[in-house]
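Comments concern the structure below.
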Amino acid sequence: YGWVVRELPLAEAGRSVSIALHAGAHPGFNTLILRIPGDEYFIALCHNSGHTDLNVLQTGLLNILYGLPAEVEQPVSLVLAGCESLEGMKRVMAEFRKNPSRFRIRRDAVNGLGFKRLRENREAEGLALLEFNSQQFPRSHWVYESLGEAYLKIGDIKQAVKFLKKTLGLEPD
């Protein structure tokens, strides 16, 4: 039923907890439900934005529950969401490339932000985000499908076909 049951490492080396997790997202909202049956903890996170990285909040809350420092890497999607210009976004992307350990990146969070910018008629920013995402996840057919869809949305058929062919190359089925 979509539940992930696994061991989740904590910030403390060598320590983990058994969890049951379900997460989901759609343009405009995302959710994360986490159960830790052994310690009787339950975390439910709901957000009305498709690009917020709830995993970062989850990590911070788990660290607090287990007496660990709540500090976690900064989600690059949130930093990019705060940029008001393409130039600002390019600076953040360059900083990410230079120092990726400073940030946390989630493919779906960056993708969601890219499509949000496209819906806001900020095509250059949306495309830059989706291209950045494809550079970070070059083996993911999904990012190229999204990029092809974005180019189709703005009417650039040649680029749309290029990226959709790349999608099929990575995932022929």
Next item on the list: Look through GLY24, GLY82, GLY28, GLY2 and report the one residue that is without any contact (Cβ under 8 Å) to a residue 12 or more places away in the chain, surrounded by fewer than 14 Cβ atoms within 10 Å (Cβ to Cβ) and of a type outside the set (A, V, I, L, M).
Entry: GLY82
Checklist line | Pair list, Cβ < 8 Å and 6+ apart or interchain, from region 85-108 residues that are closer than 19 Å to SER134 by Cβ to residues that are open to solvent by 40 Å² or more (accessible area, probe 1.4 Å) and acidic (Asp, Glu) | finding: PHE103/GLU73; ARG104/GLU73
Item checked: Checking PRO69 against (1) without any contact (Cβ under 8 Å) to a residue 40 or more places away in the chain; (2) exposed (fewer than 15 other Cβ atoms within 10 Å of the Cβ); (3) not polar (S, T, N, Q), the condition it does not meet -> (1)
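The values are calculated or read from the model by the stated rules, or taken from the named source; none is laboratory data. Nothing here was measured: the structure is a model prediction, and the numbers come from that model. Note that each Cβ is placed from the backbone with ideal geometry, even for glycine, and that neighbours are counted across all protein chains shown. In case anyone asks, the SASA skips ligands and DNA or RNA and just uses the protein heavy atoms, side chains included. Shrake-Rupley method; radii C 1.70, N 1.55, O 1.52, S 1.80 Å.
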